[in-house]
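Read the structure below first, then the notes.
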Amino acid sequence: MNENKSRREFISQSGKMVTACALFGATGSVAYAADSAPQTGEVGKPMNINAKHYYLDNVLLEAGFEFEGGVAISTRTELKTLEINGGNIVALHENNRHADPALPHYNAGGKLMLPAMRDMHIHLDKTFYGGPWRSLNRPAGTTIQDMIRLEQKLLPELQPYTQARAEKLIDLIQSKGSTIARSHCNIEPTSGLKNLENLQSVLARRKPGFDCEIVAFPQHGLLLSKSEKLMREAMQAGAHYVGGLDPTNVDGAMEKSLDTMFQIALDYDKGVDIHLHETSPAGVAAVNYMVETVEKTPALKGKLTISHAFALATLNEQQVDEIATRMAAQQVTIASTVPIGTLHMPLKQLREKGVFVMTGTDSVIDHWSPYGLGDMLEKANLYAQLYIRPNEQTLSRALGIATGDVLPLNDKGERVWPKAQDVASFVLVDASCSAEAVARISPRTATFHKGNLVWGTVG
(Lines give C-alpha, C1' and ligand atoms only; values in the text may rest on other atoms or scores of the structure.)
Protein backbone atom coordinates (compact mmCIF):
# COMPACT_ATOMS: atom_id res chain seq x y z
CA MET A 1 0.00 0.00 0.00
CA ASN A 2 2.80 2.44 0.86
CA GLU A 3 4.55 1.60 -2.41
CA ASN A 4 1.39 2.31 -4.39
CA LYS A 5 0.82 5.55 -2.47
CA SER A 6 4.33 6.78 -3.20
CA ARG A 7 3.95 5.93 -6.86
CA ARG A 8 0.64 7.79 -7.04
CA GLU A 9 2.12 10.86 -5.36
CA PHE A 10 5.08 10.89 -7.73
CA ILE A 11 2.92 10.57 -10.83
CA SER A 12 0.51 13.22 -9.59
CA GLN A 13 3.29 15.68 -8.73
CA SER A 14 5.06 15.08 -12.01
CA GLY A 15 2.28 16.85 -13.85
CA LYS A 16 1.88 14.03 -16.36
CA MET A 17 -1.88 14.15 -16.20
CA VAL A 18 -4.67 16.30 -14.86
CA THR A 19 -6.37 15.19 -11.65
CA ALA A 20 -9.74 13.52 -11.84
CA CYS A 21 -11.40 16.54 -10.30
CA ALA A 22 -10.11 18.79 -13.07
CA LEU A 23 -13.11 17.65 -15.10
CA PHE A 24 -14.95 20.57 -13.55
CA GLY A 25 -11.91 22.73 -12.85
CA ALA A 26 -11.96 25.43 -15.51
CA THR A 27 -13.75 27.00 -18.46
CA GLY A 28 -12.60 26.89 -22.09
CA SER A 29 -12.37 29.60 -24.67
CA VAL A 30 -15.31 29.34 -27.02
CA ALA A 31 -13.75 31.00 -30.06
CA TYR A 32 -14.31 28.51 -32.88
CA ALA A 33 -12.17 27.93 -35.94
CA ALA A 34 -13.58 26.41 -39.10
CA ASP A 35 -12.62 22.93 -40.22
CA SER A 36 -10.96 24.44 -43.25
CA ALA A 37 -7.98 25.18 -41.01
CA PRO A 38 -5.00 22.78 -41.11
CA GLN A 39 -5.88 19.44 -39.60
CA THR A 40 -4.02 18.00 -36.63
CA GLY A 41 -3.86 14.48 -35.33
CA GLU A 42 -5.04 12.83 -38.53
CA VAL A 43 -4.48 9.10 -38.74
CA GLY A 44 -4.00 7.34 -42.07
CA LYS A 45 -5.55 3.93 -42.68
CA PRO A 46 -3.76 2.11 -45.52
CA MET A 47 -5.24 -1.36 -45.90
CA ASN A 48 -4.42 -4.30 -48.11
CA ILE A 49 -6.71 -7.25 -47.26
CA ASN A 50 -9.85 -7.61 -49.34
CA ALA A 51 -10.58 -11.32 -48.88
CA LYS A 52 -13.08 -12.87 -46.48
CA HIS A 53 -11.22 -16.20 -46.35
CA TYR A 54 -7.44 -15.97 -45.98
CA TYR A 55 -4.36 -17.01 -44.04
CA LEU A 56 -2.36 -14.71 -41.79
CA ASP A 57 1.18 -16.04 -41.36
CA ASN A 58 3.89 -15.25 -38.79
CA VAL A 59 1.51 -14.27 -36.03
CA LEU A 60 3.23 -14.23 -32.64
CA LEU A 61 1.00 -15.85 -30.00
CA GLU A 62 1.57 -16.28 -26.30
CA ALA A 63 1.95 -19.95 -25.43
CA GLY A 64 2.48 -19.96 -21.65
CA PHE A 65 4.37 -18.59 -18.68
CA GLU A 66 7.78 -19.75 -17.53
CA PHE A 67 7.57 -20.12 -13.75
CA GLU A 68 10.31 -19.97 -11.16
CA GLY A 69 9.38 -20.67 -7.58
CA GLY A 70 5.71 -20.39 -8.48
CA VAL A 71 6.18 -16.93 -10.01
CA ALA A 72 5.93 -16.22 -13.73
CA ILE A 73 9.24 -14.76 -14.88
CA SER A 74 8.76 -14.75 -18.65
CA THR A 75 6.27 -15.56 -21.39
CA ARG A 76 6.74 -18.26 -24.00
CA THR A 77 5.57 -17.43 -27.51
CA GLU A 78 5.28 -19.19 -30.84
CA LEU A 79 4.61 -18.25 -34.45
CA LYS A 80 1.36 -19.51 -35.96
CA THR A 81 -0.70 -19.14 -39.09
CA LEU A 82 -4.29 -18.08 -38.54
CA GLU A 83 -7.02 -19.12 -40.95
CA ILE A 84 -9.74 -16.47 -41.01
CA ASN A 85 -13.08 -16.87 -42.76
CA GLY A 86 -16.23 -14.80 -42.57
CA GLY A 87 -14.99 -12.72 -39.67
CA ASN A 88 -13.97 -15.65 -37.45
CA ILE A 89 -10.74 -17.48 -36.70
CA VAL A 90 -11.55 -20.93 -38.06
CA ALA A 91 -8.22 -22.60 -37.29
CA LEU A 92 -4.71 -22.13 -35.91
CA HIS A 93 -2.13 -23.85 -38.12
CA GLU A 94 1.57 -24.51 -37.91
CA ASN A 95 3.28 -21.42 -39.20
CA ASN A 96 3.31 -21.04 -43.00
CA ARG A 97 1.26 -24.22 -43.44
CA HIS A 98 -1.59 -23.60 -45.88
CA ALA A 99 -4.15 -26.37 -46.20
CA ASP A 100 -5.60 -24.61 -49.25
CA PRO A 101 -2.79 -23.06 -51.34
CA ALA A 102 -5.38 -21.27 -53.45
CA LEU A 103 -6.35 -18.96 -50.58
CA PRO A 104 -4.57 -15.62 -50.26
CA HIS A 105 -2.10 -15.33 -47.44
CA TYR A 106 -0.65 -12.32 -45.66
CA ASN A 107 2.29 -11.80 -43.35
CA ALA A 108 1.92 -10.41 -39.82
CA GLY A 109 5.69 -9.98 -39.68
CA GLY A 110 6.14 -11.69 -36.32
CA LYS A 111 4.10 -9.06 -34.47
CA LEU A 112 2.34 -10.01 -31.25
CA MET A 113 -1.38 -10.64 -31.53
CA LEU A 114 -3.52 -9.24 -28.69
CA PRO A 115 -7.29 -9.04 -28.30
CA ALA A 116 -8.94 -5.95 -29.75
CA MET A 117 -9.16 -3.06 -27.31
CA ARG A 118 -12.47 -1.60 -26.12
CA ASP A 119 -12.98 2.11 -25.53
CA MET A 120 -16.01 1.94 -23.28
CA HIS A 121 -16.50 5.59 -22.37
CA ILE A 122 -16.03 8.18 -25.07
CA HIS A 123 -17.94 11.16 -26.47
CA LEU A 124 -17.75 10.82 -30.25
CA ASP A 125 -20.37 13.48 -30.84
CA LYS A 126 -18.54 16.52 -29.43
CA THR A 127 -14.82 16.92 -29.98
CA PHE A 128 -12.30 19.35 -31.41
CA TYR A 129 -10.24 16.41 -32.67
CA GLY A 130 -9.85 16.51 -36.44
CA GLY A 131 -9.97 20.29 -36.41
CA PRO A 132 -7.35 22.85 -35.42
CA TRP A 133 -5.65 22.49 -32.04
CA ARG A 134 -7.34 24.29 -29.18
CA SER A 135 -6.23 24.47 -25.56
CA LEU A 136 -8.35 25.54 -22.61
CA ASN A 137 -8.38 28.62 -20.46
CA ARG A 138 -10.99 27.88 -17.82
CA PRO A 139 -10.83 29.89 -14.60
CA ALA A 140 -10.61 28.12 -11.26
CA GLY A 141 -13.95 27.56 -9.59
CA THR A 142 -15.86 26.76 -12.77
CA THR A 143 -18.89 24.64 -11.93
CA ILE A 144 -20.83 22.01 -13.83
CA GLN A 145 -23.57 24.62 -14.24
CA ASP A 146 -21.03 26.93 -15.89
CA MET A 147 -20.09 24.15 -18.28
CA ILE A 148 -23.73 23.51 -19.12
CA ARG A 149 -24.10 27.18 -20.07
CA LEU A 150 -20.94 26.93 -22.17
CA GLU A 151 -22.30 23.87 -23.96
CA GLN A 152 -25.58 25.58 -24.72
CA LYS A 153 -23.60 28.20 -26.63
CA LEU A 154 -20.97 25.90 -28.13
CA LEU A 155 -22.94 22.85 -29.28
CA PRO A 156 -24.77 24.57 -32.16
CA GLU A 157 -21.38 25.71 -33.46
CA LEU A 158 -20.01 22.17 -33.28
CA GLN A 159 -22.94 20.35 -34.89
CA PRO A 160 -21.96 21.03 -38.53
CA TYR A 161 -18.69 19.17 -37.85
CA THR A 162 -20.07 16.30 -35.75
CA GLN A 163 -19.87 13.62 -38.42
CA ALA A 164 -16.46 14.53 -39.82
CA ARG A 165 -14.90 14.75 -36.38
CA ALA A 166 -16.49 11.53 -35.15
CA GLU A 167 -14.94 9.82 -38.18
CA LYS A 168 -11.52 11.23 -37.29
CA LEU A 169 -11.89 10.12 -33.70
CA ILE A 170 -12.83 6.60 -34.79
CA ASP A 171 -9.74 6.57 -37.01
CA LEU A 172 -7.65 7.52 -33.98
CA ILE A 173 -8.95 4.84 -31.63
CA GLN A 174 -8.73 2.20 -34.36
CA SER A 175 -5.08 3.13 -34.81
CA LYS A 176 -4.62 2.36 -31.11
CA GLY A 177 -6.24 -1.06 -31.46
CA SER A 178 -9.85 -0.36 -30.41
CA THR A 179 -12.68 -1.67 -32.58
CA ILE A 180 -15.41 -1.73 -29.91
CA ALA A 181 -16.68 1.35 -28.10
CA ARG A 182 -19.49 2.86 -26.09
CA SER A 183 -20.17 6.49 -26.93
CA HIS A 184 -22.22 8.91 -24.90
CA CYS A 185 -24.26 11.26 -27.07
CA ASN A 186 -25.80 14.53 -25.94
CA ILE A 187 -29.58 14.49 -25.68
CA GLU A 188 -30.90 17.80 -24.37
CA PRO A 189 -32.96 20.72 -25.70
CA THR A 190 -29.96 22.48 -27.28
CA SER A 191 -28.97 19.45 -29.39
CA GLY A 192 -32.33 17.74 -29.63
CA LEU A 193 -31.80 14.44 -31.43
CA LYS A 194 -29.42 15.92 -34.02
CA ASN A 195 -26.22 14.61 -32.40
CA LEU A 196 -27.79 11.15 -32.20
CA GLU A 197 -28.77 11.25 -35.86
CA ASN A 198 -25.29 12.39 -36.85
CA LEU A 199 -23.58 9.72 -34.77
CA GLN A 200 -25.87 6.97 -36.07
CA SER A 201 -25.03 8.00 -39.64
CA VAL A 202 -21.31 7.75 -38.91
CA LEU A 203 -21.63 4.39 -37.17
CA ALA A 204 -23.67 2.97 -40.04
CA ARG A 205 -20.86 3.87 -42.44
CA ARG A 206 -18.20 2.44 -40.13
CA LYS A 207 -20.06 -0.76 -39.26
CA PRO A 208 -17.75 -3.17 -41.13
CA GLY A 209 -14.82 -2.12 -38.95
CA PHE A 210 -16.26 -0.74 -35.76
CA ASP A 211 -18.97 -1.64 -33.26
CA CYS A 212 -20.30 1.06 -30.97
CA GLU A 213 -23.09 1.26 -28.42
CA ILE A 214 -24.76 4.64 -27.88
CA VAL A 215 -25.73 6.11 -24.52
CA ALA A 216 -28.36 8.85 -24.65
CA PHE A 217 -26.73 11.36 -22.34
CA PRO A 218 -28.70 14.23 -20.74
CA GLN A 219 -25.56 16.32 -20.26
CA HIS A 220 -27.54 19.33 -19.07
CA GLY A 221 -29.44 17.36 -16.44
CA LEU A 222 -32.29 14.94 -16.99
CA LEU A 223 -34.63 16.96 -14.77
CA LEU A 224 -32.86 20.32 -14.95
CA SER A 225 -33.15 20.53 -18.74
CA LYS A 226 -36.53 18.77 -18.84
CA SER A 227 -35.11 16.12 -21.18
CA GLU A 228 -37.26 13.09 -20.29
CA LYS A 229 -39.36 13.35 -23.47
CA LEU A 230 -36.24 13.67 -25.63
CA MET A 231 -34.64 10.74 -23.84
CA ARG A 232 -37.66 8.59 -24.59
CA GLU A 233 -37.50 9.65 -28.22
CA ALA A 234 -33.82 8.68 -28.27
CA MET A 235 -34.72 5.19 -27.02
CA GLN A 236 -37.27 4.85 -29.80
CA ALA A 237 -34.66 6.07 -32.29
CA GLY A 238 -32.24 3.30 -31.37
CA ALA A 239 -30.02 4.45 -28.50
CA HIS A 240 -28.82 1.44 -26.49
CA TYR A 241 -28.46 2.94 -23.00
CA VAL A 242 -30.21 5.52 -20.85
CA GLY A 243 -27.72 8.00 -19.44
CA GLY A 244 -27.86 10.23 -16.43
CA LEU A 245 -25.82 12.88 -14.66
CA ASP A 246 -25.14 13.80 -11.02
CA PRO A 247 -28.68 13.52 -9.66
CA THR A 248 -28.03 15.76 -6.64
CA ASN A 249 -25.50 18.34 -7.86
CA VAL A 250 -27.19 18.90 -11.22
CA ASP A 251 -30.79 17.74 -10.95
CA GLY A 252 -31.19 18.64 -7.29
CA ALA A 253 -33.46 15.66 -6.59
CA MET A 254 -31.50 12.41 -6.29
CA GLU A 255 -34.34 9.91 -6.00
CA LYS A 256 -36.58 11.53 -8.62
CA SER A 257 -33.71 11.83 -11.09
CA LEU A 258 -32.59 8.22 -10.66
CA ASP A 259 -36.15 6.87 -10.64
CA THR A 260 -36.86 8.69 -13.91
CA MET A 261 -33.69 7.31 -15.49
CA PHE A 262 -34.46 3.75 -14.41
CA GLN A 263 -38.08 4.00 -15.49
CA ILE A 264 -37.10 5.00 -19.02
CA ALA A 265 -34.74 2.01 -19.13
CA LEU A 266 -37.46 -0.35 -17.93
CA ASP A 267 -40.06 1.03 -20.33
CA TYR A 268 -37.80 0.44 -23.34
CA ASP A 269 -35.84 -2.59 -22.06
CA LYS A 270 -32.53 -0.71 -22.20
CA GLY A 271 -29.41 -0.59 -20.07
CA VAL A 272 -28.32 2.35 -17.92
CA ASP A 273 -24.96 4.16 -17.96
CA ILE A 274 -24.83 7.19 -15.67
CA HIS A 275 -22.10 9.81 -15.20
CA LEU A 276 -21.62 10.10 -11.44
CA HIS A 277 -18.93 12.63 -10.52
CA GLU A 278 -20.22 13.54 -7.06
CA THR A 279 -17.68 12.99 -4.27
CA SER A 280 -19.84 14.30 -1.42
CA PRO A 281 -21.98 12.02 0.77
CA ALA A 282 -24.64 12.59 -1.89
CA GLY A 283 -22.50 10.60 -4.32
CA VAL A 284 -22.28 7.67 -1.92
CA ALA A 285 -26.03 7.90 -1.36
CA ALA A 286 -26.60 7.80 -5.13
CA VAL A 287 -24.45 4.67 -5.51
CA ASN A 288 -26.34 2.94 -2.69
CA TYR A 289 -29.70 3.99 -4.09
CA MET A 290 -28.85 2.65 -7.54
CA VAL A 291 -27.59 -0.67 -6.21
CA GLU A 292 -30.70 -0.99 -4.01
CA THR A 293 -32.90 -0.27 -7.03
CA VAL A 294 -31.24 -3.05 -9.02
CA GLU A 295 -31.53 -5.42 -6.05
CA LYS A 296 -35.26 -4.75 -5.92
CA THR A 297 -35.78 -4.88 -9.69
CA PRO A 298 -34.62 -8.16 -11.28
CA ALA A 299 -35.12 -6.73 -14.79
CA LEU A 300 -32.23 -4.32 -14.13
CA LYS A 301 -29.69 -6.97 -13.09
CA GLY A 302 -26.65 -6.76 -15.33
CA LYS A 303 -27.89 -3.54 -16.93
CA LEU A 304 -26.34 -0.80 -14.78
CA THR A 305 -23.01 0.89 -15.50
CA ILE A 306 -21.77 3.66 -13.21
CA SER A 307 -19.27 5.80 -15.05
CA HIS A 308 -16.57 7.56 -13.02
CA ALA A 309 -18.19 6.72 -9.65
CA PHE A 310 -15.74 9.03 -7.88
CA ALA A 311 -17.70 8.67 -4.62
CA LEU A 312 -16.17 5.20 -4.22
CA ALA A 313 -12.78 6.89 -3.69
CA THR A 314 -14.14 8.43 -0.47
CA LEU A 315 -14.92 5.06 1.16
CA ASN A 316 -12.67 3.03 3.42
CA GLU A 317 -11.58 -0.49 2.55
CA GLN A 318 -14.40 -2.21 4.44
CA GLN A 319 -17.03 0.06 2.91
CA VAL A 320 -15.69 -0.65 -0.57
CA ASP A 321 -15.79 -4.38 0.14
CA GLU A 322 -19.41 -4.16 1.22
CA ILE A 323 -20.66 -2.16 -1.75
CA ALA A 324 -18.48 -4.13 -4.20
CA THR A 325 -19.96 -7.43 -2.97
CA ARG A 326 -23.43 -6.10 -3.66
CA MET A 327 -22.39 -4.70 -7.04
CA ALA A 328 -20.87 -8.00 -8.11
CA ALA A 329 -24.02 -9.88 -7.10
CA GLN A 330 -26.11 -7.58 -9.32
CA GLN A 331 -23.56 -7.49 -12.15
CA VAL A 332 -23.10 -3.72 -11.86
CA THR A 333 -20.27 -2.42 -14.06
CA ILE A 334 -17.87 0.43 -13.32
CA ALA A 335 -16.51 2.48 -16.24
CA SER A 336 -13.38 4.38 -15.21
CA THR A 337 -10.83 6.47 -17.04
CA VAL A 338 -8.21 5.36 -14.46
CA PRO A 339 -7.78 8.85 -13.05
CA ILE A 340 -4.47 10.04 -11.66
CA GLY A 341 -4.38 12.65 -8.96
CA THR A 342 -6.00 13.38 -5.63
CA LEU A 343 -8.75 10.81 -6.09
CA HIS A 344 -7.56 7.22 -5.92
CA MET A 345 -10.28 4.96 -7.22
CA PRO A 346 -10.41 1.47 -5.61
CA LEU A 347 -10.35 -0.25 -9.00
CA LYS A 348 -8.16 -3.17 -7.96
CA GLN A 349 -10.33 -3.86 -4.92
CA LEU A 350 -13.49 -3.71 -7.04
CA ARG A 351 -12.04 -6.18 -9.55
CA GLU A 352 -10.91 -8.54 -6.79
CA LYS A 353 -14.47 -8.56 -5.43
CA GLY A 354 -15.83 -9.55 -8.83
CA VAL A 355 -17.00 -6.18 -10.15
CA PHE A 356 -16.49 -5.83 -13.89
CA VAL A 357 -14.35 -2.71 -14.44
CA MET A 358 -13.85 -1.30 -17.92
CA THR A 359 -12.04 1.76 -19.13
CA GLY A 360 -12.39 4.43 -21.77
CA THR A 361 -11.04 7.66 -23.19
CA ASP A 362 -13.83 10.04 -22.08
CA SER A 363 -12.84 13.37 -23.68
CA VAL A 364 -10.44 13.79 -26.57
CA ILE A 365 -9.39 17.40 -27.11
CA ASP A 366 -12.69 19.07 -26.37
CA HIS A 367 -14.11 21.83 -24.19
CA TRP A 368 -13.89 19.59 -21.12
CA SER A 369 -10.25 18.62 -21.46
CA PRO A 370 -7.32 19.13 -23.86
CA TYR A 371 -6.07 15.60 -23.13
CA GLY A 372 -7.04 12.18 -24.44
CA LEU A 373 -4.99 9.83 -26.60
CA GLY A 374 -7.73 7.33 -27.39
CA ASP A 375 -5.34 4.58 -26.29
CA MET A 376 -6.64 1.78 -24.08
CA LEU A 377 -3.16 0.24 -23.83
CA GLU A 378 -2.12 3.48 -22.17
CA LYS A 379 -5.01 3.00 -19.71
CA ALA A 380 -3.75 -0.52 -18.93
CA ASN A 381 -0.30 0.97 -18.31
CA LEU A 382 -1.75 3.58 -15.93
CA TYR A 383 -3.70 0.89 -14.12
CA ALA A 384 -0.53 -1.16 -13.73
CA GLN A 385 1.44 1.79 -12.38
CA LEU A 386 -1.23 2.65 -9.85
CA TYR A 387 -2.46 -0.72 -8.64
CA ILE A 388 -0.02 -3.58 -9.04
CA ARG A 389 3.42 -4.75 -8.03
CA PRO A 390 4.80 -5.29 -11.52
CA ASN A 391 5.99 -8.67 -12.69
CA GLU A 392 5.42 -10.74 -15.82
CA GLN A 393 2.11 -12.15 -14.67
CA THR A 394 0.56 -9.06 -13.07
CA LEU A 395 1.48 -6.87 -16.04
CA SER A 396 -0.14 -9.35 -18.40
CA ARG A 397 -3.29 -9.37 -16.23
CA ALA A 398 -3.48 -5.57 -16.33
CA LEU A 399 -4.18 -5.82 -20.07
CA GLY A 400 -7.67 -7.07 -19.21
CA ILE A 401 -8.97 -3.62 -18.30
CA ALA A 402 -8.40 -2.58 -21.93
CA THR A 403 -9.83 -5.70 -23.60
CA GLY A 404 -12.95 -6.53 -21.59
CA ASP A 405 -10.96 -9.11 -19.63
CA VAL A 406 -10.15 -11.11 -22.76
CA LEU A 407 -6.57 -12.31 -22.25
CA PRO A 408 -4.32 -14.65 -24.24
CA LEU A 409 -3.30 -16.67 -21.15
CA ASN A 410 -5.21 -17.56 -18.01
CA ASP A 411 -3.66 -17.24 -14.55
CA LYS A 412 -2.11 -20.71 -14.91
CA GLY A 413 -0.41 -19.72 -18.15
CA GLU A 414 -2.70 -21.77 -20.39
CA ARG A 415 -3.62 -20.25 -23.74
CA VAL A 416 -7.32 -19.42 -23.79
CA TRP A 417 -7.26 -16.95 -26.71
CA PRO A 418 -7.28 -17.07 -29.63
CA LYS A 419 -8.99 -20.34 -30.43
CA ALA A 420 -11.04 -21.68 -33.32
CA GLN A 421 -14.40 -19.93 -33.73
CA ASP A 422 -13.30 -16.79 -31.87
CA VAL A 423 -14.23 -13.57 -33.61
CA ALA A 424 -11.24 -12.31 -35.59
CA SER A 425 -10.98 -8.96 -33.80
CA PHE A 426 -7.43 -8.27 -32.68
CA VAL A 427 -4.48 -5.92 -32.82
CA LEU A 428 -0.89 -6.57 -33.90
CA VAL A 429 1.65 -5.03 -31.54
CA ASP A 430 5.40 -4.52 -31.77
CA ALA A 431 6.13 -6.34 -28.50
CA SER A 432 7.32 -9.74 -27.32
CA CYS A 433 4.44 -10.39 -24.90
CA SER A 434 1.46 -8.78 -23.11
CA ALA A 435 3.59 -7.73 -20.16
CA GLU A 436 5.95 -5.76 -22.38
CA ALA A 437 3.06 -4.25 -24.34
CA VAL A 438 1.48 -2.95 -21.12
CA ALA A 439 4.72 -1.73 -19.54
CA ARG A 440 6.01 0.05 -22.65
CA ILE A 441 2.70 1.00 -24.35
CA SER A 442 4.16 -0.69 -27.43
CA PRO A 443 3.37 0.55 -30.96
CA ARG A 444 0.45 -0.94 -32.81
CA THR A 445 0.99 -2.02 -36.44
CA ALA A 446 -2.44 -3.28 -37.56
CA THR A 447 -5.99 -3.52 -36.25
CA PHE A 448 -8.55 -6.13 -37.33
CA HIS A 449 -12.29 -6.19 -36.70
CA LYS A 450 -14.23 -9.35 -37.53
CA GLY A 451 -11.60 -10.34 -40.05
CA ASN A 452 -11.42 -6.91 -41.70
CA LEU A 453 -8.13 -5.02 -41.60
CA VAL A 454 -9.38 -1.61 -40.47
CA TRP A 455 -6.08 0.16 -39.80
CA GLY A 456 -2.44 -0.43 -40.72
CA THR A 457 -0.94 -2.92 -43.13
CA VAL A 458 0.39 -6.44 -43.20
CA GLY A 459 2.90 -8.00 -45.59
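The values are calculated or read from the model by the stated rules, or taken from the named source; none is laboratory data. No experiment lies behind these values; they were computed from the predicted model shown. Because the Cβ atoms are built from the backbone with ideal geometry, glycine has one as well, and the counts that use them run over all protein chains shown. Surface accessibility is based on the protein's heavy atoms, side chains included, excluding ligands, DNA and RNA. Shrake-Rupley method; radii C 1.70, N 1.55, O 1.52, S 1.80 Å.
Miscellaneous remarks
- Subset tally (residues that are in contact with a strand residue (DSSP E or B) (Cβ under 6 Å, 6 or more places away or on another chain) and part of a helix (DSSP H, G or I)) for segment 210-231: 1
- Scanning segment 206-222 for residues that are surrounded by 20 or more Cβ atoms within 10 Å (Cβ to Cβ) and over 19 Å from the mean Cα position of the chain (by Cα) yields a total of 4.
- Selection within segment 157-195 - open to solvent by 10 Å² or more (accessible area, probe 1.4 Å) and under 17 Å from residue 116 (Cα atoms): 171, 172, 175, 176, 180, 182
- Every test in (1) of a type in the set (Phe, Trp, Tyr); (2) open to solvent by less than 30 Å² (accessible area, probe 1.4 Å); (3) more than 17 Å from residue 75 (Cβ to Cβ) is passed by residue 455 save one, and that test is (2).
- Boolean, residue 157 is of a type in the set (Asp, Glu), more than 30 Å from residue 416 (Cα to Cα) and in contact with a strand residue (DSSP E or B) (Cβ under 9 Å, 6 or more places away or on another chain): no
- Some residue of segment 427-449 being of a type in the set (Lys, Arg) and over 16 Å from residue 83 (Cβ atoms): yes
- Among all positions in segment 108-117, there is no residue which is under 18 Å from residue 194 (Cβ atoms), in contact (Cβ under 8 Å) with a residue 24 or more places away in the chain and not hydroxyl-bearing (Ser, Thr, Tyr).
- Residues of segment 440-452 that are out of contact with any Pro (no Cβ under 7 Å at 6 or more places or on another chain) and open to solvent by 10 Å² or more (accessible area, probe 1.4 Å): 440, 441, 443, 444, 445, 450.
- Any hit, segment 144-166, residues being modelled with pLDDT of 95 or more and within 25 Å of residue 336 (Cβ to Cβ): yes
- Taken over segment 275-331, the criterion of being under 24 Å from residue 187 (Cα atoms) and of a type in the set (Lys, Arg) is satisfied by 303 alone.
- Just one of (1) closer than 28 Å to residue 218 by Cβ; (2) touching a helix residue (DSSP H, G or I) at 6+ places or on another chain (Cβ under 9 Å); (3) open to solvent by 30 Å² or more (accessible area, probe 1.4 Å); (4) not polar (S, T, N, Q) fails for residue 140. It is (2).
- Complete set of residues in segment 325-347 that are under 23 Å from residue 215 (Cβ atoms) and small (Gly, Ala, Ser): 328, 335, 336
- Qualifying residue in segment 375-398 (condition: under 30 Å from residue 126 (Cα atoms), surrounded by fewer than 17 Cβ atoms within 10 Å (Cβ to Cβ) and modelled with pLDDT of 95 or more): no
- Residue match in segment 159-168 (condition: under 30 Å from residue 249 (Cα atoms) and of a type in the set (Lys, Arg)): no
Conditions tested, residue by residue: (1) surrounded by fewer than 20 Cβ atoms within 10 Å (Cβ to Cβ); (2) outside any loop (DSSP other than H, G, I, E, B); (3) at pLDDT 95 or above.
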| residue | (1), (2), (3) |
| --- | --- |
| 204 | yes, yes, yes |
| 233 | yes, yes, yes |
| 244 | no, yes, yes |
| 250 | no, no, yes |
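- Complete set of residues in segment 75-123 that are touching a His at 6+ places or on another chain (Cβ under 9 Å), more than 21 Å from residue 172 (Cα to Cα), surrounded by 14 or more Cβ atoms within 10 Å (Cβ to Cβ) and aliphatic (A, V, I, L, M): 82, 84, 90, 103
- Where strands (runs of 3 or more DSSP E) fall wholly inside segment 363-459, no range has 2 or more residues that are free of Cβ contacts under 8 Å to residues at least 40 places away in the same chain and not charged (D, E, K, R).
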